[in-house]
Each structure stands twice: as C-alpha cells, then as structure tokens.
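The values are calculated or read from the model by the stated rules, or taken from the named source; none is laboratory data. All figures in this text were calculated on a predicted structure; none of them were measured in a lab. Cβ coordinates were reconstructed from backbone atoms using ideal geometry, including for glycine residues, and neighbour counts include every protein chain displayed.
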Amino acid sequence: MLLLLHKQQMHNCYFQIYLLMRNILLLPVVLIFLSSCKTRPNSSRDNDAFDPNKMYKLQLNPAAGSSYYYDITNESEMEVEVGDKKTGNETKTSTGLVFKINKDSTGDLLFTMQYDKLHFYSKTGDTKTDVDAANAATSIDPVEKTLGMVKNTSLLATISPTGEIKNISGYKELGDKIIAGFAPADVSGKATAQLQWEKQVGNGMIKNNMYQLFKIFPDSMVHLRDSWKLASRQEGEVSLVVKSTFTLKAINNDIAIISVTGNITSDNEDSENSHVTTDLQGEQEGEFQMETKTGMLMNCNMKATINGTIKVMGSDVPVTIKTKLKMNGHKL
C-alpha cells in the first residue's frame, strides 16, 4: 500500500498484483486479531449456563477516559502464476495500536488512535524487505520514513454504540505530509500518489481495519448459541464483499466467546474506474473474545483463504492467498 508511491516498480507484473492485493493481506484491524491464552468455552465452571430465557446485549460501551492497547500480527502467503512460472510471497506485519476513548454529546464514541509500532517484513524469492517505523529518524529508506510519519500521527474515529463507523479524520493530513515530499514539478506523481493514498489508506486499510474491529455487533439482544449475519464491503484497489455469520458460543467471566465464519467474493462495481477486474472467492473463520460490559475486543484469531484470478495487463493471472490475523488487547 505505501509502496504505491514508488511508480517505477509498477512495471513489474508480480509486484503490481502484490499492490492490488495488499488490502486483502492486511485484513487490518483493524483489523484484528488468539494467542495461546485463548479461552476454551467448555473448560471453565465459570461459563454461564445455557438459559433460553436469558438474553445479552452486546454493544460498544467503554467508559469515557479509558484506553486500550492492541498488539496485532498479520501473516500472509500469496502465490501467483504468470505464464508457466509460479512466484510466492510471504509477508508479516506487526503493529501496536493505542485507543483513547471519549464520548460526544450524542452518545457516540470518539476513538483517538495512534500506532505505537509498525514493522513490515516481506520475502519474494530471494528478495527481502524489512522496514520498521522505529528506525525512521535515522533511515534513508522512504518507506521507513513514511511509516514513521504514520506512527507519529493521531487519527480520530467516531463510532456508534452499534459499531457503525461514522467518520474517520486525520489520514488526509498525513497524506498531505507525504505528498509534500514529492518534487514540486512532479505534478503527475503527486496526483497519482494522492489518489492511491486516499483509496488504499483512507478508504482501504484504515476503514477496513475499523470495520473488522467493530462491525461485529448484533442489532438486537441475543441468547447463548444465537447467530446473526452481517455483510461489509472492503474497499481498495481490489474491493471485496464479506458476508459473515457470528455465533455467541459462551459467556466466561464476563467475556463473550464469539465464533465467525464467512464467504468472501470480489466486487467489481468500480472496475471501470480502477481498470482492474477480479474473480475471487474465499472463506474465513475465527473467534473473538469480547468484554460483555464494554464491547471491546480482548483477543481475536482469524484466518482466510482466497482463490481466483486478477486481470493484469490483459491476462487472467491465477492467485491464491492465505492469511492469518492475531490480536491481543488489554485495558491500560
């Protein structure tokens, strides 16, 4: 996503596919995301017993002034076939994210977000990339410097108690800082980078991650073992439609254990504007641990497999993608 700013690399067919799929590989929260301390729903006598008359209201209700920290790891493997040659790519991103929470006069929640760490590693054949925002102050690598800018910028999200993302601000100002680094005469480069930044970062990574963290709540009270369905569209250079089914498996010490399964399909609604046509299908599954009193996630484990083709330079290129997403969170 950040590497889109380097136009000279766009002529490499594999790298172009990698950029197009980057929003899929960072499925981020946002978004999200279980470690070995995962609670087993049937392993504790503190589980709430199934009661057909007892119902639970799951929604966002963290206390104003509270703060939460999330340690998120994304791992992905991608294989593309160009001609008779198969090329593989592995990536791993490690991020730390701090949320400071307040409420506005309407009852909506105000999440001030700031990255505590940003570390990206990838391997394609014998070529390795390893960039870390922690090195930004002394680095000459433009991507590493960009990560440093992201780390030092605060974003503000307005979210309803039902998890609706009403507004996210701050990423435009960050994009302006990065675009300012272009040579004044490079008008075309600036325009291209601005468009890609808005789509990949604003409407892509940031909004997608936020949806993954918060678009999980039912629209009414639920019993244990009840299920509810939600659909979302993840925007980016390649857009996806995700239809998910959530099930409240257990309540353990005021922690809700929620499983999720889902189908992923490509959405070519904007293909005329992006000049990219895809035919992708996949499945995802995972489990969440959520504080019942606040609606804040404590742990999450997600994995997805996507197969299909992307039309690149007039040819249908087969693509296989596997992702894993782990998150540990705690209240500060």
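Side notes on the structure shown:
- The residue of the stretch 292-305 that is nearest to Leu240 (Cα to Cα), among those that are out of contact with any Lys or Arg (no Cβ under 8 Å at 6 or more places or on another chain) and part of a strand (DSSP E or B), is Leu297.
- Residue count for the stretch 47-74, restricted to those that are within 23 Å of the chain's Cα centre (by Cα), aliphatic (A, V, I, L, M) and more than 16 Å from Leu109 (Cβ to Cβ): 1
- Hey, Leu109 aliphatic (A, V, I, L, M), under 26 Å from Met296 (Cβ atoms), surrounded by 19 or more Cβ atoms within 10 Å (Cβ to Cβ) and touching a Pro at 6+ places or on another chain (Cβ under 8 Å) or not: yes
- For the stretch 279-300, the set of residues classified as surrounded by 20 or more Cβ atoms within 10 Å (Cβ to Cβ) and over 13 Å from Gly262 (Cβ atoms) consists of Leu280, Gln289, Met290, Gly295, Met296, Leu297, Met298, Asn299, Cys300, listed by residue number.
- Enumeration of residues in the stretch 41-100 that are aliphatic (A, V, I, L, M), under 30 Å from Thr127 (Cα atoms) and either out of contact with any helix residue (DSSP H, G or I) (no Cβ under 7 Å at 6 or more places or on another chain) or loosely packed, with under 13 Cβ neighbours inside 10 Å (or both): Ile72, Leu97
- Of all the residues in the stretch 302-327, those that are buried (at least 19 other Cβ atoms within 10 Å of the Cβ) and in contact with an Asp or Glu (Cβ under 6 Å, 6 or more places away or on another chain) number 0.
- Restricting attention to the stretch 117-140, the residues that are surrounded by 14 or more Cβ atoms within 10 Å (Cβ to Cβ), touching a strand residue (DSSP E or B) at 6+ places or on another chain (Cβ under 6 Å), outside any helix (DSSP H, G or I) and not hydroxyl-bearing (Ser, Thr, Tyr) add up to 7.
- Residue check: Ser154 meets all listed conditions (1) at pLDDT 80 or above; (2) within 30 Å of Pro52 (Cβ to Cβ); (3) in contact with a strand residue (DSSP E or B) (Cβ under 7 Å, 6 or more places away or on another chain) but one, namely (2).
- The single condition from (1) within 16 Å of the chain's Cα centre (by Cα); (2) at pLDDT below 90; (3) farther than 30 Å from Pro318 by Cβ that Ala136 fails is (1).
- Selection of the stretch 217-249 for residues being farther than 19 Å from Glu164 by Cβ, hydroxyl-bearing (Ser, Thr, Tyr) and modelled with pLDDT under 90 yields only Ser239.
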